[in-house]
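Input: a single structure, listed below in structure tokens.
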Amino acid sequence: MRAQQLDMFGVEPSTDDSPVGLAITLPERCPRCSACRHDPDVVRRAGEIAMTEFAIVVTELSGNKTELCRVGSNPEAVAEGARRKTISLGRSRRTPLYRKVEVVELKP
């Protein structure tokens, strides 16, 4: 096959081990885009990291534990929002809606 390719260009194969005439293989293109040349293993590992899910588990005033929601990223911001939730007791008194807010990592 290589001889046929070289014959097409009118070049004879070299007998020494010099890099001239050797084919240079480039890494495979990234499946996300055609312009860049990412390492496919790095792209695969990044996808595995993104699959981690987190559950926001709250303890209500009655003592019951409830899974509030599931998030794929930035769980602390969602948990902080749950910690800020309050209920009113009269005109000026407010008490937290949940006793405890936990972030639980879910394994796939």
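The values are calculated or read from the model by the stated rules, or taken from the named source; none is laboratory data. Source: prediction; values computed, not measured. Virtual Cβ from ideal backbone geometry, glycine too; neighbours counted across all protein chains shown. Surface areas here come from the heavy atoms of the whole protein model, side chains and all, with no ligands, DNA or RNA. Shrake-Rupley method; radii C 1.70, N 1.55, O 1.52, S 1.80 Å.
Quick rundown of the values:
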quantity	calculated
Selection count, the range 88-107, where residues are part of a strand (DSSP E or B) and either basic (Lys, Arg) or under 39 Å from the mean Cα position of the chain (by Cα) (or both)	13
Residue ID - nearest to residue 52 (Cα to Cα), chosen from residues in the range 69-79 that are touching a residue at least 12 places away in the same chain (Cβ under 8 Å) and either hydroxyl-bearing (Ser, Thr, Tyr) or assigned to a helix (DSSP H, G or I) (or both)	73
Every residue from the range 52-106 that is among the basic types (Lys, Arg) and touching a Ser or Thr at 6+ places or on another chain (Cβ under 8 Å)	65, 94, 99, 100
Unique match (being at pLDDT 85 or above and open to solvent by 80 Å² or more (accessible area, probe 1.4 Å)) among 37, 91, 2, 45	91
